[in-house]
Amino acid sequence: MPHPPKKPQGQVTRGKTARNRLRPVDRFFLMYDPGLLTRADGEFSRARFVDLGYGDEPFTTLETAARFRQIAPTLKILGVEIEPERVARALPLADDLTDFRLGGFNLPLRPGETVRAIRAFNVLRQYEEKDVLPAWEQMARGVLPGGLLVEGTSNPFGSILTANILRRVAGENFSWRLEALVFYTNFRLGFDPAEFQTILPKNLIHRVIPGEAIFRFFDDWKTACAESAHQKAFGLRPWFAASARRLAGRGYQICLQKRWLNRGWLVWQSPQV
Ligand SMILES: C[S@@+](CC[C@H](N)C(=O)[O-])C[C@H]1O[C@@H](n2cnc3c(N)ncnc32)[C@H](O)[C@@H]1O
């Protein structure tokens, strides 16, 4: 007997998207955990990458497919949307490896299908804070242990973004470990930590208040910027990198490799937020 489709969990929200808006997120995956995109052991051999909430047009899903297939030529990619007309618009662009389905946080998987990673970008920002943990939990149900959820927010052009990096923990309780919190800028808007506060993921955006760990983090980052302001003379990138090193000096676990800092990525590992 065929399985009846599940009722999509979530709500239809504005579908604004843009070409190349999520290119930095694709690059993040390719730098952070390329092995997750290529691994083909056991259940990973048929595991998909899911772009959840691709919006009015499936630009981001198709672009991600092209980028990831440079290292994983047979990777299956599934675009999921909760708004039926957006799915109908995308379906003519589907092919053997790229599919589009109506669905929600409870992923529309068919029997035997598995997921290696989910990107949910600019989706939860239109929800309430209380909706975040249940949404994460529902998404976890479809993902293989070791898989990732990259859930975050960008500005309209993708020139700055922030994201939760969640790693699926093995076990029946469908939980994630917050492995990192990341901040990206291409420096076109300059560099000011305060800019990131306005595009924090939903679980944090209302928590930049005294007493909260994320408030302390931004306070420390702003201090780190002030202390390294002399680096501005060499440009925004050296200043950004110097502020990251100062943050690490204050005890934050920051990735200090040049490949992150020179490209405008602040990767805060094991954040206690
Ligand atoms: C602002 S658009 C983001 C498009 C794209 N991800 C981007 O960043 O450019 C958000 C989309 O998420 C969809 N959405 C919201 N909740 C969803 C859910 N629970 N499951 C699937 N899609 C959802 C909305 O219908 C909307 O099209």
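The values are calculated or read from the model by the stated rules, or taken from the named source; none is laboratory data. Because the structure is a prediction, the values reported are computed rather than measured. A quick note on method: Cβ atoms are made from the backbone with ideal geometry, for glycine too, and the neighbour counts reach across all protein chains shown.
Data table
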read-out	value
Residue match in region 228-241 (condition: in contact with an Asp or Glu (Cβ under 7 Å, 6 or more places away or on another chain) and either crowded, with 19+ Cβ neighbours inside 10 Å or assigned by TED's automatic domain parsing to the domain that holds residue 136 (or both))	no
Where a residue in region 71-100 is within 30 Å of residue 32 (Cα to Cα) and its partner, wherever it lies, is in a strand (DSSP E or B) and more than 16 Å from the ligand (Cβ to nearest atom), with Cβ under 7 Å and at least six apart	none
Any chance residue 194 is under 28 Å from residue 243 (Cβ atoms), loosely packed, with under 15 Cβ neighbours inside 10 Å and touching a residue at least 40 places away in the same chain (Cβ under 8 Å)	no
Of residues in region 120-163 being part of a strand (DSSP E or B) and touching a Ser or Thr at 6+ places or on another chain (Cβ under 7 Å), the one farthest from the ligand (Cβ to nearest atom)	144
Whichever residue in region 47-62 is touching an Asp or Glu at 6+ places or on another chain (Cβ under 7 Å) and not in a strand (DSSP E or B) and, among such residues, is farthest from the ligand (Cβ to nearest atom)	61
Members of region 221-267 that are touching a helix residue (DSSP H, G or I) at 6+ places or on another chain (Cβ under 8 Å), of a type outside the set (A, V, I, L, M, F, W, C) and assigned to a loop (DSSP other than H, G, I, E, B)	228, 250, 252, 262, 263, 264
Exclusive hit being more than 16 Å from the ligand (Cβ to nearest atom) and part of a loop (DSSP other than H, G, I, E, B), set 110, 21, 14	110
Boolean, residue 72 is aliphatic (A, V, I, L, M), away from the ligand (no atom under 14 Å from the Cβ), part of a loop (DSSP other than H, G, I, E, B) and modelled with pLDDT of 95 or more	yes
Test: residue in region 81-89 that is within 15 Å of the ligand (Cβ to nearest atom), part of a strand (DSSP E or B) and either of a type in the set (Ser, Thr, Tyr) or in contact with a helix residue (DSSP H, G or I) (Cβ under 9 Å, 6 or more places away or on another chain) (or both)	yes
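Per-residue answers, yes or no, for (1) within 22 Å of residue 150 (Cα to Cα); (2) among the aromatic types (Phe, Trp, Tyr); (3) not in a loop (DSSP other than H, G, I, E, B):
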position	(1), (2), (3)
179	yes, no, yes
182	yes, no, yes
190	no, no, no
196	yes, yes, yes
204	yes, no, yes
207	yes, no, no
210	no, no, no
219	no, no, yes
